[in-house]
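Report on the following structure.
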There are 2 protein chains.
Amino acid sequence: MDSSVASASPSEVTISYPALRQFAEAVFLHIGCLPDQAHLAAEGLVAADLRGIDSHGVARLSGYVRLWEAGRVNPRPRVRVVHQTPSTATVDGDAGLGLVVAPQAMQWAIERAAQVGTGWVAVRNSNHFGIAGHHAMLALPHAMIGLAMTNASPLVAPTFSQERLLGTNPIAVAIPALTQPPLVADFATTTAANGKLEILQRKNADAPLGWVQDADGQSTTNANALKSGGALLPLGSDREHGSHKGYCLGAVVDILSAVLSGAGYGPWAPPFVSFLPLPADPVGDGLGHFFGAMRVDAFRPAEEFLRHMDNWIGRFRQARPVPGQPRVLIPGDPERETAAARAQTGIPLAPPVLADLEALGQKMGIALG
Amino acid sequence: MDSSVASASPSEVTISYPALRQFAEAVFLHIGCLPDQAHLAAEGLVAADLRGIDSHGVARLSGYVRLWEAGRVNPRPRVRVVHQTPSTATVDGDAGLGLVVAPQAMQWAIERAAQVGTGWVAVRNSNHFGIAGHHAMLALPHAMIGLAMTNASPLVAPTFSQERLLGTNPIAVAIPALTQPPLVADFATTTAANGKLEILQRKNADAPLGWVQDADGQSTTNANALKSGGALLPLGSDREHGSHKGYCLGAVVDILSAVLSGAGYGPWAPPFVSFLPLPADPVGDGLGHFFGAMRVDAFRPAEEFLRHMDNWIGRFRQARPVPGQPRVLIPGDPERETAAARAQTGIPLAPPVLADLEALGQKMGIALG
C-alpha cells in the first residue's frame, strides 16, 4: 500500500477515492471487460462507497467476480434494444454487469426524453447494478428528472407471507434544482436495507423489531434470522404500520423491472450470491431494471421549474426541527455530504472488506492503493 | 327514503350503489356542473364508497359543496392543455372539481400513450380528486399500466420536522393481467391515512404509536393530536423504521404533482376544508396531480406481459401465509372484494355521514335513495 492508504482507526483503513476506483477498474479489466466498460463499472461501483452506501460498493466486488467465475456475468455484453416506441425501449443486457448495462439503458431513456419529452427503458438479462441513485442522477445534467429501480434476489416477505418473494427492490428519483443541490431520493422498499442488517450481524447485535421476521413469520430482533428461513420486512414493518404499502412498492418495482422487460421476477429473480443455484424453472432472463427520464421543460419552462425547486428545497431545509435534532434533511443531503467529505479524506474500509480486496488483488496481481 | 335504503345495524344504514351515485350526481348538478361532468364526478366519488375507502367518498360530498360555496370550486371549468410534447401535457384544471379534471387528464395521458408508447400529464389549478386508484384504473381497458398521484393539504411532518409540510400524497398504480383481476396498488404515503385517524377520533380511541406526532414532535397515541398542532407521520413512522423513505415518497409526489405543473406545493397546498384560509403567499395554482399511462406493448407483446402477470399474481396469491392469517393478498384484492359485495348489498353509511347527506339533500331538495 502506498500513501493513498491511510490508517483511520485501529480497526479501519482509509483509501483515496481515485485509488479505490482504479483498483476496481483493474479488477473489471482483469475479468475481461473492455476499457470503457471497466471504467464505467468502477465509477458506478465506487460511487456507492463515496456516497456512504458501503454495502453496495467495493464490499461487493469479489461477489461480482464470483458471479463471473460461475459464468453468470458476461464481461463483454452486446447490450441492445429489442423492442421500442418513440418514448420507450426494452433492452437485453446480454448477462452483462448491471454496472455496465444500467448507464447505457439510462442513456437511451435520456435520448428518448430529448426527442419526445420522456423516455422509459425496461431492462432484462442484467445483473445487480450498484446503487440506483447513481443511475437516476445521470439525468440531472440534462435538466431532466431521473428515475431508476431494479428487482433483486428474493429476501423479502410480502405482508402476511411466510415466504420470501421479493427483493429489497430500490427506487431512486433525482430532481434538479437551480442553485440548490439536486434532490436525490434513493431507498430500498424494505424497512431496512440488507446492508444494515449485515452490519448488525458482524457486531453480533440485535436488530430493532420490525426489520425482519423469523422462519415462522414472527417479527424478531435476531439479526441472523435470514440465515434460518426468515425474511426482511417491507417498509412499514407490520400491517398496522403500513407494511402493505411497502409490499405494494416492492411489487410495482418488481413488475416494472422484470415482468415488463422479460426478466426473472418475484421468487424467480436470480440470487446475487454465486453459491445459490439459479431458479430451476426460469420465467425470464436475469435481473430486471426500469429507468425513466423526463425533461422538466416538457411540463413547464425549465427555469421556472428549477427556481421553484430551489424554493421547495429552501423551505423544507428551514423547517423547525423536533427537539434533539439539528435540522430537517432534504433527500440526498447525507449522501452528498458524505461524498464531499470522502473525496477529501478518503474512503474508510472495514477490516473484512479490506482483507477481501487484498485477497482479490493478490489473486489477480493488482495492488490496492 | 325508499326501498334502496335498508337498515344494516342499529347504528348504520345501507344505501344501494346506484341510489348513492344518483344522489351525488344530483348534488353536483345542483351546484352547476354540466350533466356529463356531474355524472363523471359522482362516478369517481362513489367509487370510493363502493371500494370500501369510506373516508374519500360521500363522506366528503358536503365538503366539496362548501368549497363551491366559498368560491374555490368552479363547477364549469374549461380544462385545457397549456404545455405539451408528444409524450407529456400540462393541464390547467380551471379550479374545477378534481373528480372532473382528473379523468380528463388521464384521458390525455392515455391518448399520448396510444401515440408514442407512454403519456404523462401534470395538472395544476385543481381540487381533491377522490381516490387515486379510480383514475389509475382508467388505463386498464387499454392494456396500459395506469399511474395517478396527487398532493394534498399539509398534514404530514417530514422526518425530524415539527412542522407539517406535506399532504398524505397518495400513489396509485394499476397493472392489467389476462385472466386474473388487475393489480391495483393505492395508498397514502403516510403510515396511516387521515381517514383511519378520523375513525379513531369518532370512537374516542387511541391511535397506535407511529401514526402521529404531537405539537412537540413526539410520537403519541392521541388520535386528536392533529387538532393541537400535531402531524401525521410518513410511512415508516420513525427514522429507525424508515420514515425518511415515506418522506421521500411524499416529497416526490408533491414535486411531480405540483412543482412540475405549477400548483401550490408543500405547505402552500390549499387546504381541503373551506374554513381554513388559502395561503397568503401562493407559489402556484390550486392542488396538483400527476398521471401516467404506459402501453404494455410498448415494452413487450401484450399477451406475453399479461400471461406473466397472471403467473405473478397466481404465485403471490398462493404464498404460504404466516400463522393466523388466511392468505397473502394481491394489491387491490380487498377493495375489489368489497366492491363486489357492496354492489350486491349496498353501501353502509355511518350515522354522521347519513345525517350530513340528509341535511345536504334537504337544503337542495334532493331525496336520498
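Readers should treat all values here as calculations from the given coordinates under stated rules, not as data from a laboratory. Predicted model only: the values in this text are computed from it and were never measured. Don't worry about glycine lacking a Cβ; one is built from the backbone with ideal geometry, like all the others, and counts go over all protein chains shown.
Do the sum for the protein assembly as shown: with -39,500 (n - 2.57) for every DSSP H run of n ≥ 4, divided by all residues, what is the mean residue ellipticity at 222 nm, to the nearest 500 deg cm²/dmol?
Calculated mean residue ellipticity at 222 nm is -11000 deg cm²/dmol.
So what is the relative contact order for the range B:150-284, in percent, with contacts set as C-alpha pairs under 8 Å and at least six apart?
For the range B:150-284, the relative contact order is 26 percent.
Taking square-rooted eigenvalues a ≥ b ≥ c of the alpha carbon gyration tensor, is the range B:137-270 rounded, prolate or oblate, where a/c under 1.5 means rounded and, failing that, a/b exceeding b/c means prolate?
prolate
Rounded, prolate or oblate: which fits the range A:17-176 when a ≥ b ≥ c are the square roots of the eigenvalues of the alpha-carbon gyration tensor, with rounded for a/c under 1.5 and prolate only if a/b beats b/c?
Since a/c stays below 1.5, the shape of the range A:17-176 is classed as rounded.
Please compute the alpha carbon radius of gyration of the range A:250-301, then divide it by the globular-protein estimate 2.2 N^0.38 Å. Two decimals is fine.
So the range A:250-301 has a normalised radius of gyration of 1.54.
Taking every residue in B:23-32, how many Cβ atoms of other protein chains lie within 10 Å of its Cβ, on average?
Per residue, the average neighbour count from other chains is 0.
Quick one: label points 7 angstrom along Cα→Cβ at B:ASN222, distances to the other copies in nm, smallest first?
Shortest to longest, the spacings are 4.0 nm.
Assuming a viscosity of 1.567 mPa s and a temperature of 4 °C, what translational diffusion coefficient in µm² per second does Stokes-Einstein assign to the range B:211-369, Rh being the Kirkwood radius over Cα pairs?
62 µm²/s
Mind computing the radius of gyration and Dmax over the alpha-carbon atoms of chain B? Å is fine for both.
20.3, 56
Sequence gap at least 6, Cα distance under 8 Å: using those rules, report the relative contact order of chain B to the nearest whole percent.
Relative contact order, chain B: 22 percent.
For every other residue with a beta carbon closer than 11 angstrom to the beta carbon of A:GLY236, add +1 if it is Lys or Arg and -1 if Asp or Glu, then tell me the sum.
+1
Give the share of C-alpha pairs in each 10 angstrom bin for the range A:258-339, from 0 to the last occupied bin, in whole percents, shortest bins first.
Distribution as computed: 14, 22, 19, 24, 19, 2 percent.
Using DSSP, restrict attention to beta bridges with both residues in the range A:1-123 and report what percent are antiparallel, rounded to the nearest 5.
That works out to approximately 70 percent antiparallel.
Evaluate the Debye formula for the range B:202-288 with equal point scatterers sitting on the alpha carbons, no solvent, and hand back log10 of I(q)/I(0) at q = 0.15 Å⁻¹, in q order, two decimals.
Summing over Cα pairs of the range B:202-288 leads to -0.70.
Using mean Cβ contacts within 10 Å as the protection proxy, how do A:277-289, B:110-122 order, highest first?
Ranked from most to least packed, the peptides come out as B:110-122, A:277-289.
Give me a comma-separated list of calculated 3J(HN,Hα) values for the range B:357-368, in order, Karplus coefficients 6.51, -1.76, 1.60 applied at θ = phi - 60°, integers in Hz, x for any Gly or Pro.
Working through the residues one at a time gives 5, 5, 5, 4, x, 4, 4, 9, x, 10, 7, 8 Hz.
For B:ILE347, list long-range residues whose amide hydrogen, built 1.01 Å from N in the peptide plane, is under 5 Å from its own amide hydrogen.
Distant-sequence amide H within range of B:ILE347: B:ILE15, B:SER16, B:TYR17.
With no solvent and one point on each alpha carbon, what is the Debye value of log10 I(q)/I(0) for the range B:120-188 at q = 0.12, 0.15, 0.18, 0.27 Å⁻¹?
-0.39, -0.56, -0.72, -1.14
Scattering from the C-alpha atoms of the protein assembly as shown alone, worked out with Debye: what is log10 I(q)/I(0) at q = 0.06 1/Å?
-0.34
Please compare each pair in B:LYS196/B:LYS227; A:LYS227/B:LYS196; A:LYS203/A:LYS245 to a cut-off of 27 Å on the Cα-Cα distance and tell me which ones are over it.
Among B:LYS196/B:LYS227; A:LYS227/B:LYS196; A:LYS203/A:LYS245, the Cα-Cα distance tops 27 Å for A:LYS227/B:LYS196; A:LYS203/A:LYS245.
Could you give each residue of the range B:17-34 its phi-based ³J(HN,Hα) in whole Hz, using Karplus coefficients 6.51, -1.76, 1.60 with θ = phi - 60°, and x for Gly or Pro?
So the Karplus estimates, Gly and Pro as x, are 4, x, 5, 5, 5, 5, 4, 4, 4, 5, 5, 5, 4, 4, 7, x, 5, 5 Hz.
Residues of B:248-261, mean number of Cβ from any other protein chain within 10 Å of their own Cβ, rounded to a whole number?
6
Quick one: order B:SER261, B:SER161, A:SER219 by neighbouring beta-carbon count within 10 Å, fewest to most.
Ranked by crowding around the Cβ, least crowded first: A:SER219, B:SER161, B:SER261.
Which net charge results when you count Lys and Arg as +1 and Asp and Glu as -1 among the other residues whose beta-carbon is under 13 Å from that of B:PHE316?
+1
Calculate the FRET efficiency for B:GLN362 and A:ALA350 from the Cβ-Cβ distance with a Förster distance of 56 Å, rounded to the nearest 0.05.
0.20
Other chains' Cβ within 10 Å of A:41-49 residues: what's the mean?
Taking all residues of A:41-49 together, the mean is 0.
So what J values fall out for the range B:59-65 if you push phi through Karplus, 6.51 cos²θ - 1.76 cosθ + 1.60 with θ = phi - 60°, rounded to Hz, Gly and Pro as x?
Computed from phi, the couplings for the range B:59-65 are 4, 9, 4, 5, x, 4, 5 Hz.
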